[in-house]
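The structure appears below as structure tokens.
The values are calculated or read from the model by the stated rules, or taken from the named source; none is laboratory data. Keep in mind it's a predicted model, so treat the numbers as computed, not measured. Cβ coordinates were reconstructed from backbone atoms using ideal geometry, including for glycine residues, and neighbour counts include every protein chain displayed.
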């Protein structure tokens, strides 16, 4: 065990607290009685399952003083990730409620909640701040023994957002170790600016806005957990018809992730005619990876500043779309779905948006002009779509593993219509399958309607037309059941 020393710099036996505990190192993502956050001494008496009180270190001993029952208990053991949090709670006399269980080793505490009633004052402006920090701490890895400077060794944190300077300050003190080193240093510099009286109000406002955005992102490690292969196959089969080679390439990527526990160095580029389901494939992969995703349509981005943000020297400065995506996801691991990559090289402003994408795809970090900090991109997985591969620049193309998606044959379109498109429309508008029947002959009329087009969008439109017409005839004209042959289907589809 690694002994944690007294919080005060100059020990005095008559005045200073006595350190009673040791720390242990854990990577557990939650706590229970067998995997506690801390253990209190219960040799003289057992403590209630729910116990209220305050941590008294460093004012008295390193202990917990109960308010709903007589006595106090020395702290025996603490998860190393939580030492700074307990110090903060003790220094500021924050009333808390413990949940724990008496065991032979002591009173094992597995939950700590802030008491918000009884006139207790909170240092942080937002409700749920303590739970926010505890959630961050459980999501972080255990600090390594003897590799962290002593003054930083104790820094490590329900849905809420850090917005006030007080809550950001408290978070950095209690959970700063959950941040990458460069972001922690960046945060301290920006916090100094936000609190300074020597800069303009505009500079303080920008610094606080940037801090709030960065502190509310959970910066995850590059380690990627294993993916259930059977579940991945089920998702692909349920959402994509045919496309055997495409599914095989995706499954190969998943096998690679499971072997290395990291995302591949190259993203996926899905190339094919319009309407073949490229975006649907991208969403399916994001679902398999169990990551949030964001969509960037390159046809609507004509200036690199839309991606990189604008400098804080401007009054109306703001972050770019990439940084906004991290903020919306609330974490650094996410899927970027980049639509129409073949239009990324057409810049109409000062610069080329494709050049910005290169920095994002290189996994060396991305810098937003507004945030002014290098953002780790190791957890970003890009999936791009394009109609024409030859219109993508060579440097950009080299960052992707290319998957060609062919158009569907007429027989495949018939199966997709009968087994996927039409049943989905009927279900959505509340019709039973027996109320509206499309015969094999009617399918020829559907194919006539789609002839000369690529993909399956026209199939879906045909399904909408036929189902809507059938519903009208049933509800308004009193038809009990509608059966389409080629002639009646052609009449509806025009």
Among the residues of the stretch 297-314 satisfying the criterion of being out of contact with any helix residue (DSSP H, G or I) (no Cβ under 6 Å at 6 or more places or on another chain) and over 17 Å from residue 371 (Cβ atoms), which is surrounded by the fewest Cβ atoms within 10 Å (Cβ to Cβ)?
-> 300
Looking at the stretch 438-472, which of the residues that are exposed (fewer than 15 other Cβ atoms within 10 Å of the Cβ) and over 43 Å from the mean Cα position of the chain (by Cα) is farthest from residue 278 (Cα to Cα)?
-> 472
Kindly indicate the residue of the stretch 221-280 that is in a loop (DSSP other than H, G, I, E, B) and touching a strand residue (DSSP E or B) at 6+ places or on another chain (Cβ under 6 Å) and also farthest from residue 408 (Cα to Cα) among those meeting that condition.
-> 263
When both residues are 6+ apart or on different chains and their Cβ atoms are under 7 Å apart, which pairs have a first residue that lies in the stretch 68-94 and is outside the structural domain of residue 140 (by TED's automatic domain parsing), and a second that is surrounded by fewer than 23 Cβ atoms within 10 Å (Cβ to Cβ) and modelled with pLDDT of 85 or more?
-> none
Out of (1) within 27 Å of residue 190 (Cα to Cα); (2) surrounded by fewer than 22 Cβ atoms within 10 Å (Cβ to Cβ); (3) modelled with pLDDT of 80 or more, what's the single condition that is false for residue 82?
-> (2)
Residue 364 being at pLDDT below 85 and more than 20 Å from residue 311 (Cα to Cα) = yes
